[in-house]
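Presented below is the structure to which this report refers.
The values are calculated or read from the model by the stated rules, or taken from the named source; none is laboratory data. Remember, it's a predicted structure, so these values are computed and weren't measured experimentally. Ideal geometry is used to build each Cβ from the backbone, glycine not excepted, and the neighbour counts take in all protein chains shown.
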Amino acid sequence: MLDQGAPPHHDTSATPTSPGPAARLMRRKPVERLVAEGGQGEGGSLRRSLGLWQLTMISIGATLGTGIFVVLGEAVPKAGPAVTLSFVIAGLTALFSALSYAELAGTIPVAGSSYSYAYATMGELIAWICGWCLVLEYGVSVAAVAVGWGEYLNELLDGTIGVTLPAALSAPPGDGGVFNLPALIVVLLAMTFLLGGARESARANTVMVVVKIAALVLFCAIGVQGFRSGNYEHFMPLGMAGVSAAGATLFFSYIGFDAASTAGEEAKNAQRDLPRAIMLSLVIVTVLYVLVAAVAVGAKPWRTFTDSEASLAQIMTDVTGQSFWGTLLAFCAVVAIASVVLTVLYGQTRVLFAMSRDGLVPKVFSKVHPKTGAPRANTLIVSLFCGVLAAAIPLGQLADATSIGTLFAFALVNVAVVVLRRTRPDMRRTFRVPLSPVLPALGFGFCVWMMGSLSTVTWVVFGVWMAVGLVFYFVYGQRHSRLAAPDPSEVRTHQK
């Protein structure tokens, strides 16, 4: 009840005083405002056209790619036949963060993924850092995967028509070439699909995902014919330490399951379907990984595995005595990697869309084409940048920047789910992390542990990238943030 004898005063909530510097860094965007603004961009809105199937395919498309086609050659020598156990351990490690993503994706169903979750729970500066990490993760990842696509394309051409592209056109300067044309081509192909809209991109991705799942199932069906139980006689020859070392290597083949969370504003029923898509994609990928690993080790003695991209194709050739099957697998690898480029590029554009709508990056990134419902200018800029990066710059160890950016974002999501439970316990949640805060704490701990295992060069690159991002935030983002102005809906409420 108001004090009748008190002097009249103005409602300061409608015209708030300017907060101090520290308060501006910590200002949070209310969940309700995040959801209310969902889908809205400059000049149009994103379209809700994706169901559970398409969302699951997006996550599988971003996850199931280069990893399974190259990772066995790296992991088997570390763990021996117990590499199957290493895949399970890596999958469980990813599961902790996946559970947190599932809860937040169902609670805050918006574009931006972990950037938006951090904005709602830990404030603008942490959200900016998280978003900047995602830009690094997705941008470098697209470029690195595109380079790998060019290598597989050369293998396919060599196996089918006996020709390969000259080094000058298939490698960047510094790696023996002049310009990596295949890497640029696959990025431009992905861009073409994305410009058509989310539904068209999802259809193309679904076809590619089905092809690569079928390829791995075919490998298992053929590889099991060469299965020798003797290859499993010494299951754990290098002990649990070897299993753990291989698990750390394999964890990065699970990165990508969070891709569905960037589609929060284009899902038909985001609160119901996003958590299901994240968990379902992780289960499907883990089962495929374990099956492929088990068949591969059963068909080939573990000591003969080498760090070769063609390990699966070689097994199929050895078992059948025909090169056709290896060539077929190379074709499927080309398709598989193309779908990773498509889905990761999609995620990059949606994160920048959310950051642009909040005013932290220029508004050109949130302009939506009225006909397709796609952020066309955003897609063009990001695609051309990533394409040139892949074609003209030797990435080398910089590709590890993908890992550190991903792990940092995963760690923040595990913190965000605990913070939101404490600050907004009554919010409707379509999925809840069991045993919280224990499982999120484990997810955070695993992410920090894996970040610590990365090289010094990777940390230096990460530090430079963060410094550039902070300069951009304080020069541009903080001044243009939409949270610097009151929520229009709140102002209208106070004016009534």
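Would you confirm whether any residue within region 219-236 is out of contact with any strand residue (DSSP E or B) (no Cβ under 7 Å at 6 or more places or on another chain), loosely packed, with under 15 Cβ neighbours inside 10 Å and of a type in the set (D, E)? Yes; the residues of region 219-236 include at least one that is out of contact with any strand residue (DSSP E or B) (no Cβ under 7 Å at 6 or more places or on another chain), loosely packed, with under 15 Cβ neighbours inside 10 Å and of a type in the set (D, E). The listed residues are A296, A313, A246, A267, and the only one of them that is in contact with a Lys or Arg (Cβ under 6 Å, 6 or more places away or on another chain) and over 16 Å from T63 (Cα atoms) turns out to be A246.
Checking the structure you have, find out if any residue of region 397-404 is at pLDDT 90 or above and surrounded by 20 or more Cβ atoms within 10 Å (Cβ to Cβ).
Let us first name the residues in region 397-404 that are at pLDDT 90 or above, namely none.
Within region 397-404 (the criterion being at pLDDT 90 or above and surrounded by 20 or more Cβ atoms within 10 Å (Cβ to Cβ)), the answer is no, since none of the residues qualifies.
If you go through region 176-206 and keep only what is β-branched (V, I, T) and over 19 Å from the mean Cα position of the chain (by Cα), you end up with V178, I185, T192.
Do the conditions hold for F331, that is, is it under 21 Å from E155 (Cα atoms) and among the aromatic types (F, W, Y)? Spelling it out, F331 is indeed under 21 Å from E155 (Cα atoms) and among the aromatic types (F, W, Y).
Being under 16 Å from R303 (Cα atoms) and in a helix (DSSP H, G or I) is the filter here; which residues of region 220-235 pass it?
In the first step, residues of region 220-235 are kept if they are under 16 Å from R303 (Cα atoms); the result is 227-235.
Within region 220-235, S229, G230, N231, Y232 qualify.
Just so you know, in region 253-312 the residues that are crowded, with 24+ Cβ neighbours inside 10 Å and of a type in the set (D, E) include one that is nearest to the chain's Cα centre (by Cα), and it is D258.
Residues in region 420-475 that are touching a residue at least 12 places away in the same chain (Cβ under 8 Å), part of a loop (DSSP other than H, G, I, E, B) and within 26 Å of F252 (Cα to Cα): F431, R432, V433, P434, S436, P437, S453, L454, S455. For G174, the conditions (1) within 24 Å of L389 (Cα to Cα); (2) touching an Asp or Glu at 6+ places or on another chain (Cβ under 8 Å) all hold with the exception of (2). Can you tell me which residue in region 405-433 is modelled with the lowest pLDDT, limited to those that are touching a Leu at 6+ places or on another chain (Cβ under 7 Å) and among the small types (G, A, S)? Among residues in region 405-433 that are touching a Leu at 6+ places or on another chain (Cβ under 7 Å) and among the small types (G, A, S), the one modelled with the lowest pLDDT is G405. Does at least one position in region 167-179 carry a residue that is hydroxyl-bearing (S, T, Y), more than 23 Å from F462 (Cα to Cα) and in a helix (DSSP H, G or I)? So far as region 167-179 goes, yes, one or more of its residues are hydroxyl-bearing (S, T, Y), more than 23 Å from F462 (Cα to Cα) and in a helix (DSSP H, G or I).
I'm checking my understanding of the structure. Among residues of region 424-452 that are of a type in the set (A, V, I, L, M) and under 19 Å from the mean Cα position of the chain (by Cα), which one is nearest to M122 (Cα to Cα)?
Within region 424-452, the subset of a type in the set (A, V, I, L, M) is 427, 433, 435, 438-439, 441-442, 448, 450-451.
Retained after the next criterion (residues that are under 19 Å from the mean Cα position of the chain (by Cα)): 448, 450-451.
Numbers: V448: 18, M450: 23, M451: 21 Å.
Result: V448.
You will find that of L134, L165, the residue that is among the hydrophobic types (A, V, I, L, M, F, W, C) and touching a Phe, Trp or Tyr at 6+ places or on another chain (Cβ under 9 Å) is L134 and no other.
Among what's in region 473-496 and is of a type in the set (A, V, I, L, M, F, W, C) and either farther than 17 Å from C130 by Cβ or at pLDDT 95 or above (or both), pick the residue that is surrounded by the most Cβ atoms within 10 Å (Cβ to Cβ). So, considering only residues that are of a type in the set (A, V, I, L, M, F, W, C) and either farther than 17 Å from C130 by Cβ or at pLDDT 95 or above (or both), the one surrounded by the most Cβ atoms within 10 Å (Cβ to Cβ) is A484.
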